[in-house]
Amino acid sequence: MTIHYIGEHSWAGFLGNIFLVLSFTAAILSSAAYFITSSKPLEELSWKRIGRIAFRIHSISVAGIMGVLFLMLYNHYFEYQYIWQHSNLEMPMKYIFSCFWEGQEGSFLLWTFWHVVLGNILIRYSKEWEAPVMTVFSFVQVFLASMLLGIYVGNLHIGSNPFLLVREMPENLGLPWLTHANYLELPYFKDGRGLNPLLQNYWMTIHPPTLFLGFASTLVPFAYAIAGLWKGKLDSWQTQALPWTFFGIMILGTGILMGGAWAYEALTFGGFWAWDPVENASLVPWLCFVGAGHVMLVNKNRKISLFTTFFLTIITFILVLYSTFLTRSGILGNTSVHAFTDLGMSGQLMLYMLFFVWMSVTLLLLNRRLKIAYTSISFLLLCLGIMTGIKTAFVFTFGLLTLVLLIIGYRRYFPKEEKEEELWTREFWMFIGSLVLAIASFQVILYTSFPVLNKIIQVDFIHSFIQGIHGKLVQWFNFKGLANFASGNLAPEKNAIAFYNKWQSLFAAVVAFLVGFGQFLRYKNTPFKPFIRNLLLAFVLAGILSGIISYGLPRNNPLQFVLNSFLCFSSLFAIFANIDYWRKIGKGKLGKSGSSIAHIGFGLILLGALVSNAKKEIISRNIRGDLRTIDKELSNSSNILLSKGDTLPMGDYYVTYLGRRKGEGEDKRNLYFDVEYLKKQETGKYRHEFTLSPLVQRNERMGNVFEPSTHHFIHRDIYTHLATADLDPSIGSDNGEYTTPVEKTAARHDTIYTSNSMLILDSLTTRFDRQRYRLPDSILAVQASFRALDENGKIVLVRPVFTIRNNESKPIEDTVPSLGLRLNFFKVDPANGKISLYVSEQKTNKKDFIVMEALIFPWINILWFGCLVMISGTILAMRERIRKLKGKADDK
């Protein structure tokens, strides 16, 4: 019997699905038409027109998908899974954009949209490159559009559809509520699950679209590189791709920096970068992108490093695809706090990435026999992988084949320069800089990929082979360093920040040093003495200032101190040298000095990151009680306990916890904890300096989220966040109720802290006044004797009793009305000499308190200022490249 469901806005899903299908088919038609245009010049005009029309239909369809999805979010159509999962009625409307791209489907759609924008610009301006470039562009759109189809072909799941109704989800099929025509009246569908509290921040309305525009921009140089290989124009494509490359570097870098600003403002890990795998997944393509742009400049002037130019341009886009696989396949679920879960698309994502690897390598193999061999063996491996179901073995073997044939193809068939470049030339050192960036990328992506490597190692024949090698190394040399690798148990570093900082600070210092002197080098040859004279002033200034700064850096780790000192010198050298270059060569003109300004910004970012992290100071120290009685994870050396009304010293300040307050309007879910910072004057009075309000976003479905609060000075930030707080809304209420009992353990002479007293266990005894408790001598009973000390030092005795009757423990509680305490002694551990008891407090007596961590980040504004300078310089450099490109076009 067909059920006609009541209240569903089925038209929205129907319209959205029409746009999905139209988007997918139009992308196929556009790619095919542009391919025919490139392959058959005589039919160019008619097929090019079809390709353009189809891509514009695809563009309109993508806009339609976005429009329908926004409409559904705005109107809260909770019958749709995507809407129910990512929004709710209480969510402020200003975060509707965050809801749109919180899920996988929305992020893929955002990525597709930016490709559409860039593709239409290319149709207008790419001229003779339009057909081959748009063939690649449209074909990428076919894959992205397929990610939204959400259809099944047999057991194969293609895409995840954002227009599926909740009742159409596979996990809901057969549930009883599906038999109700008016199921939308059920409480479950009256409201949605809601937006992740971490994303309810204004940065998350601008960070994801900027980042995805950066990801999308990597496709343009990639498409030009593929077109150049396809058409045999191995050099000329770079002229067109170069402005786009620096545009992408600027946009993707801006998106990454926005993510750092969001982390600093909204997360409580105490900084702007935690080397989380998802953070790494965006950084690695950017590093390769920067390398690609600089090698393009080398090749543009000297026609050398051609293979490196192709490789870095192509690998940047491939790394974006690989990052997508890492973050959306669910494989990072145990190593990243903000990776997506697997929606069953990991195989499709893998196929997407491997296809473009195969296509790129096939074109890079400039030999017909190698192309045929590579294609044939790849197809055979794919068939074997499908038939056997061993996907990991297929990927490993395909990757190994790709690497081997790529090396052979490069060495034997790829064009190379006849003469090696001189040592003191700009092209040589720009190439070295790009190589360092590539190595830095490899180091980050290698350790980020440990979950992937573990899966590969655990394949039977691979595992046996590696175990055999490991066994021989142990037998011959007693070398056991590969034990974890051989067992497929590679684990990420426990202290990821220190680990990555150690490696990346070295790479960053080398790059900064190259950035400092590279500008003064000339192409082809550089007179050595003038070159040294140009660098002397910057070198001396950097040496003096870095010596002063390094003197104040921590020295507890000698190796890290040396690396930090080198990074400090290199950063300052990059800043001073590029300022000098801007003054001498650029004559102080902005238009001609974009690269120097960008390099100055880069040096400032490194210097700001170094100083703010190395000199970071924790000023919160607990001086009252032991925080470990509240939570074993809390540290007295980095947190401070503040009760309402208390004024305690902290660093150069005195702090007072003023109390909590609820947010209003759109922020009504927020609970703010106001902490006043004071300075003590000579008169003994306190002067108000500022107030910080770290907050908690309360969320019953997803858990509470703590957010920091920061006071900004020119030379430092004071950054605070809550380590814990009692969120009981009835604190201070006058209803006589007690809080939920909290379990505590104690040995003799141990102290238990409550909000308004200390409990000291003095003794345990079986000899006490049993008549008081009406206990016969036959019953086993133990009395615990506590001293309860209030804030004024007054002592009250508390004596709960533990009994065993009929083989059951039955505690007899004791209370302290003056302190509002209730104790239940319920367990004895003779082996450890400890007891367990429940402590509950009367809500009228319980004090409002917080445990807070406060840090000082000195000179962190150098970093943020450097971000603005680097972005501005990159924009100027990009504008200059576009101007030169237009000039060449006008000359023609």
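The values are calculated or read from the model by the stated rules, or taken from the named source; none is laboratory data. Worth saying up front: this structure is predicted, and the values here are computed from it rather than measured. Methodologically, a virtual Cβ is constructed for each residue, glycine included, from the backbone with ideal geometry; neighbour enumeration extends over all protein chains shown. For accessibility, only protein heavy atoms count, side chains too; no ligands or nucleic acids. Shrake-Rupley method; radii C 1.70, N 1.55, O 1.52, S 1.80 Å.
Structure summary
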{"item": "Accessible area of the chain belonging to carbon and sulfur atoms, whole % at 1.4 Å probe", "result": "60"}
{"item": "Angle between the chain longest axis and helix 10-39 axis [Cα atoms, degrees, rounded to 10]", "result": "30"}
{"item": "³J(HN,Hα), Karplus 6.51/-1.76/1.60, whole Hz, each residue of region 664-670, x for Gly, Pro", "result": "10, x, 5, 9, 5, 6, 7"}
{"item": "Modelled FRET efficiency - R0 22 Å, Asn806 with Glu743, Cβ distances, 0.05 increments", "result": "0.35"}
{"item": "Mean separation of Cα contacts under 8 Å (6+ apart) over length of region 1-141, as relative contact order %", "result": "30"}
{"item": "Net charge of neighbours whose Cβ lies under 10 Å from the Cβ of Thr710, counting Lys and Arg as +1 and Asp and Glu as -1", "result": "-2"}
{"item": "Over region 742-841 - Rg/Rh using Cα atoms and the Kirkwood inverse-distance radius", "result": "0.96"}
{"item": "Sites Lys127 and Ala63, calculated FRET efficiency, Cβ-Cβ separation with R0 22 Å, nearest 0.05", "result": "0.30"}
{"item": "Accessible solvent surface per residue of the chain, calculated while the other protein chains remain in place, 1.4 angstrom probe, Å²", "result": "47"}
{"item": "Residue-level accessible surface for Lys40, protein heavy atoms, 1.4 Å, Å²", "result": "110"}
{"item": "Residue among Met169, Phe139, Gly106 farthest towards the positive dipole end of region 1-200, charges placed on Cβ", "result": "Phe139"}
{"item": "Among the listed pairs Lys231/Lys592; Lys584/Lys884; Lys300/Lys502, those beyond 26 Å (Cα-Cα)", "result": "Lys231/Lys592; Lys300/Lys502"}
{"item": "Cross-link table Lys644/Lys794; Lys632/Lys834; Lys472/Lys494, entries beyond 19 Å C-alpha to C-alpha", "result": "Lys644/Lys794; Lys472/Lys494"}
{"item": "For Tyr224, net neighbour charge (Lys/Arg +1, Asp/Glu -1) across residues whose Cβ lies under 15 Å away", "result": "+2"}
{"item": "Rounded accessible area of Arg56 (nearest 10 Å², 1.4 Å probe)", "result": "110"}
{"item": "Distance histogram for region 483-540 (every C-alpha pair counted, 10 angstrom bins, percent rounded to whole numbers)", "result": "18, 28, 21, 15, 14, 5"}
{"item": "Pairs of alpha carbons in region 64-207 whose separation is greater than 22 Å (percent)", "result": "50"}
{"item": "Whole-Hz ³J(HN,Hα) from phi, Karplus 6.51 cos²θ - 1.76 cosθ + 1.60, for region 187-202, glycine and proline x", "result": "x, 4, 9, 6, 8, x, 5, x, 7, 3, x, 4, 8, 8, 8, 4"}
{"item": "Sequence-distant lysines (8 or more away, or on other chains) whose Cα lies within less than 26 Å of Lys391", "result": "Lys371, Lys455"}
{"item": "Solvent exposure, largest accessible area first (probe 1.4 Å, DNA, RNA and ligands not counted), of Val851, Val540, Val510", "result": "Val540, Val510, Val851"}
{"item": "Binned Cα-Cα distance frequencies in the chain - 10 Å width, integer %", "result": "2, 10, 17, 20, 19, 15, 9, 5, 2, 1, 0, 0"}
{"item": "Nitroxide proxy distance, nm - points 7 Å out along Cα→Cβ at Arg883 and Leu380", "result": "5.7"}
{"item": "Potential lengthening between Thr25 and Lys455 on full extension [0.36 nm per residue; Cα-Cα distance subtracted]", "result": "151.2 nm"}
{"item": "Calculated FRET value between Leu797 and Glu633, using beta carbons and R₀ = 35 Å, to 0.05", "result": "0.60"}
{"item": "Among Ile850, Gly684, Phe97 the positive-end extreme of the charge dipole of the chain (Cβ point charges)", "result": "Phe97"}
{"item": "Nonlocal amide H pairs with Ser638, under 5 Å, H built at 1.01 Å", "result": "Asn622"}
{"item": "Extension reserve of the Ser46-Lys834 stretch, reckoned as 0.36 nm per residue once the Cα distance is removed", "result": "274.9 nm"}
{"item": "Heavy atoms of His157 accessible to a 1.4 Å probe, total area in Å² rounded to 10", "result": "40"}
{"item": "Mean Cβ neighbour count within 10 Å, used as a protection proxy, ranking 673-683, 632-642, 425-435 highest first", "result": "425-435, 632-642, 673-683"}
{"item": "Virtual spin-label span in nm between Phe865 and Thr765, 7 Å along Cα→Cβ", "result": "7.0"}
{"item": "Simple label model, 7 Å out from Cα along Cβ direction - Phe269 to Trp11, nm", "result": "4.7"}
{"item": "Counted charge near Leu823, where neighbours are those whose Cβ lies closer than 11 Å (Asp, Glu -1; Lys, Arg +1)", "result": "0"}
{"item": "Heavy-atom accessible area order for His711, His599, largest first, 1.4 Å probe", "result": "His711, His599"}
{"item": "Between helix 237-266 and the chain: long-axis angle, C-alpha atoms, 0 to 90°, nearest 10", "result": "0"}
